[in-house]
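Everything on this sheet refers to the single structure shown next.
Laboratory data are not the source of any read-out in this text; all were calculated from the coordinates shown. Source: prediction; values computed, not measured. Every residue, glycine as well, gets a Cβ built from its backbone with ideal geometry; the counts of neighbours run over all protein chains shown.
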Amino acid sequence: IPKSVVMSNNHNSPTSSFNDFLKNKNKTTSIQEQRRKLPVFEKRNKLLELIRQHSTLIIVGETGSGKTTQIPQFINAARLQNNGRIAVTQPRRVAAISIAMRVAQEMGDAEVGENVGYTVRFEDVSSVRTKIKYLTDGMLLREAVADNLLMDYTVVILDEAHERTIHTDVLFGVVKQAQKTREEKKLKPLKILIMSATMDVDHFSEYFNNCQAVYLEGRTHPVNVFYTLIPHEDYQAACVSTFFKINKEAPHNHDVLIFLTGQEEVEAVAHQIRLLSRDPDVEGPAIKVCTLYAAQPTTQQMAVFQPAPASMRKVIVSTNVAETSVTISGIRYVIDSGMVKTRSYHPATGLDMLIVQPISQEQSWQRTGRAGRESEGYCYRIYTRKQYDSMNKSTVPEIQRANLATVAIQLLALGIHAVNFDFMDAPPKEAILAAFEQLRLLGAIESINSKTLTSIGKKMVQFPLDPRFSKILLSAQAYGCVDEMLTIVACLSGESIFLNPPSKREQAISARQKFASPYGDHIMLLNTFKEFSRLTPNTTSRDFKNTSGNHQRMWCLEHYVNLRNILYASEVRTQLSEICERLKIPSSSCGDDIDQVRKCLLTGLFMNVAELHKDRQYITLDKRQLVIIHPSSVLYGQQPASVLFTEVVQTSKCYLRGLTTIENKWLHEIAPDYIQSHNIRFNR
Ligand code: ADP
Ligand code: MG
């Protein structure tokens, strides 16, 4: 009996084993029937003809039309890849794996890893026999590091191009160059396919030498869209209550898809729905809850595609994986939280981080479309019409949101110098050069023309941080203050941990007075975090979480500390310390020797120093800019001779924020090259 997973609207499955046998027998045929029903199927010959003719082709088509699963199979059946392989990239690991499994099944393979394989981080399920390989875009980039001509492949398909992840954006340039070089050297040609659900086609076509684009018409049904009347503070709770409202009213075989932002949220909401569904007062059919997120264990992934047992309703709680990467049949209702977790650059601290923010209008419509694939559907947006209107039209490419020093160092890790790189949307050249100079001063490269990283540089790329902050963490070992630096960098990586209600400014300042430090704001963060960490009682009692949670909440209220933000900092700290562990950086603490912390901060922030000029005015050493200390700083009202700062904020005046006092003579020890090459002059 063949293993099979079949999508069907008919949830009344027979139970006897004979019926099971028959059903399975039918499933094999029905899998082929399903393939034939996909919109790409009738375009098969036309598509193959275009793919044969063009060395680069853009394919645009509605999500669920069969691009990702079918087109590689068409190419393979027609042997267009000759003796090479077909690579298909996906921004997300969960999509690469589940799609590879599905395609293996469609091709009649007993298991994945034969004709069809996948490669994601820490997992390579492919063999010499593999003809179609699904990979995350990050993994294909890694393969490009080993062989920048990608000779293993004769066809590379960059899928989900509209998402414009940094990895896919960089791959555009890498495959374009590989195709050109292979042609010049008369090596076997490389065919490039760009696939997407929505796309600025002219822009893509222009970049790929005005290549042809082909549109696949999808089949969609109308979706009724509802907005909330008032904005919801707690969108998770709103999603849950909306779900139960639907559950009460909708026919049981109408499945529901809920969009949330990340794994924890998905798990929390799934848990809540499971709990509430056991309540005898809940009206509606029994509920089968499935989850879908990037880091989900492989074995759980396929469950979302299984129809719910007879007379049960399936609800899938997902991150934006289900937006365009994977399609699940049977969905008639979509609940959209309107939020997404994306990597973003925090200009204030220079930290690259994951933040939860509103989706774009384009994403909003993609999510809505999931409800109308098979018949008329419904989409409940957990935001108001006004909130929708204020969303960005489309998603900004990650490369333009990310810090350039970070992009430059990542490209170097791939052996590519960003100045010579053919970006689809290039950042300004001065910005790239400035990033390289910063990397040189930090010791990540020998010179701004270097094409390789130093050993420090190689370690720096391991942290998901602006290189200045990675450098601080790497220096901490020598200064014996790894624990302290982890805390400070973690506290700087999110929103402020301090609460400053305008009406209670004085109270807030005096409540936090005991954490204040004459050395400045960073040390104050350290003192606050230390005290907060002591609150967690060292016990395993059953209600440990609640007790410590209440304790923390009270403490935060009392000290005007933002609980959510300090908990976030604590999470980031754990992640950073895991990376230190991997790099064999042992933990260490300098205790009360705060000078070590101040010097260590300077090893990454020496480019951000200002000196007292006159009468409360400061002047930055680098850009000779006149600045003053921001009123939010603990050093406001004082006049230390020299300070380092994490950011400059410009309103009516230029303010320095996030300060630590330093001594000028330390700069000569820590950054002698900078002082000399940048012609740094001191007043005192
Ligand atoms: P596109 O790439 O155009 O968005 P896909 O090729 O991903 O479309 O999907 C085509 C069809 O394959 C969809 O109807 C989807 O439901 C089905 N499908 C994809 N993966 C699976 C799976 N693991 N199990 C069952 N069906 C699947
Ligand atoms: Mg797809």
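About the Cα centre of segment 434-541, how large is the charge dipole given +1 on each Lys and Arg Cβ and -1 on each Asp and Glu Cβ? Please answer in debye to the nearest 20.
About 60 debye.
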Segment 641-684 scanned against label point 7 Å out from residue 619 along Cα→C-beta; backbone N under 13 Å for 680-684
The computed P(r) of the chain puts the percent of Cα pairs beyond 51 Å at 19
Checked against a 27 Å limit on the C-alpha separation, the offending pairs among 180/451; 191/429; 393/451 are 191/429; 393/451
Simple SL model, points at 7 angstrom along Cα→Cβ for residue 564 and residue 384; separation in nm is 1.8
Diffing segment 182-187: the Karplus 3J(HN,Hα) column from phi (6.51, -1.76, 1.60, θ = phi - 60°), in whole Hz with x for Gly and Pro, holds 5, 5, 4, 8, 6, 8
With Rg from the Cα atoms and Rh as the Kirkwood inverse mean 1/r over Cα pairs, segment 198-324 has an Rg/Rh of 1.07
The answer for residue 136, listing residues at least 5 apart or on another chain whose modeled amide H is closer than 5 Å to its amide H, is 90, 119
Once phi for every residue in segment 238-253 is put through the Karplus expression 6.51 cos²θ - 1.76 cosθ + 1.60 (θ = phi - 60°), the whole-Hz ³J(HN,Hα) values, with Gly and Pro written as x, are 5, 5, 5, 5, 4, 4, 5, 5, 5, 4, 6, 9, 7, x, 5, 8
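From Cα pairs below 8 angstrom and at least 6 apart in sequence, can you work out the relative contact order of the chain, rounded to a whole percent?
Values: 1217 pairs, mean separation 71.2, N = 684.
Reported relative contact order: 10 percent.
Using a Förster distance of 30 angstrom, determine the FRET efficiency expected from the C-beta separation of residue 35 and residue 311, and round it to 0.05.
It comes to 0.55.
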By the mean-Cβ-within-10 Å protection proxy, highest first, 162-172, 430-440, 557-567 rank as 162-172, 430-440, 557-567
Diffing segment 99-111: the Karplus 3J(HN,Hα) column from phi (6.51, -1.76, 1.60, θ = phi - 60°), in whole Hz with x for Gly and Pro, holds 5, 4, 5, 4, 5, 4, 5, 4, 7, x, 6, 5, 8
In nm, the gap between the two label points placed 7 Å beyond Cα toward Cβ at residue 593 and residue 263 is 3.8
For 487-499, 624-636, ranked highest to lowest by mean beta-carbon neighbours within 10 Å, the order is 487-499, 624-636
Excluding residues fewer than 8 positions from residue 186 in its own chain, the aspartates and glutamates with Cα under 19 Å of it are 147, 152
Non-local residues with an amide H under 5 Å from the amide H of residue 260, with H modelled 1.01 Å from N and Pro and chain starts lacking one, are 318, 319
Isolated cysteines for the chain, Cβ-Cβ cutoff 4.7 Å, are 211, 239, 290, 379, 491, 556, 580, 600, 654
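So what's the back-of-envelope 222 nm ellipticity for the chain, counting only DSSP H runs of four-plus at -39500 (n - 2.57) apiece and dividing by all residues, rounded to 500? All intermediate terms of the calculation are to be shown ahead of the outcome.
Working: 26 runs with 283 residues, N = 684.
Mean residue ellipticity, 222 nm, calculated: -12500 deg cm²/dmol.
Let me know the whole percent of all Cα-Cα pairs from segment 101-201 that are separated by more than 22 Å. Intermediate results must be reported in sequence, preceding the final value.
Numbers: 1737 of 5050 pairs.
Percentage above 22 Å: 34.
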Residues whose built amide H sits under 5 Å from the amide H of residue 214, excluding neighbours closer than 5 in sequence, are 58, 59, 60
So the angle from the long Cα axis of helix 521-534 to the longest Cα principal axis of the chain, reported in degrees to the nearest 10, equals 60
Inter-part gap, Cα centre of segment 575-627 to Cα centre of segment 351-422, in whole angstrom, is 33
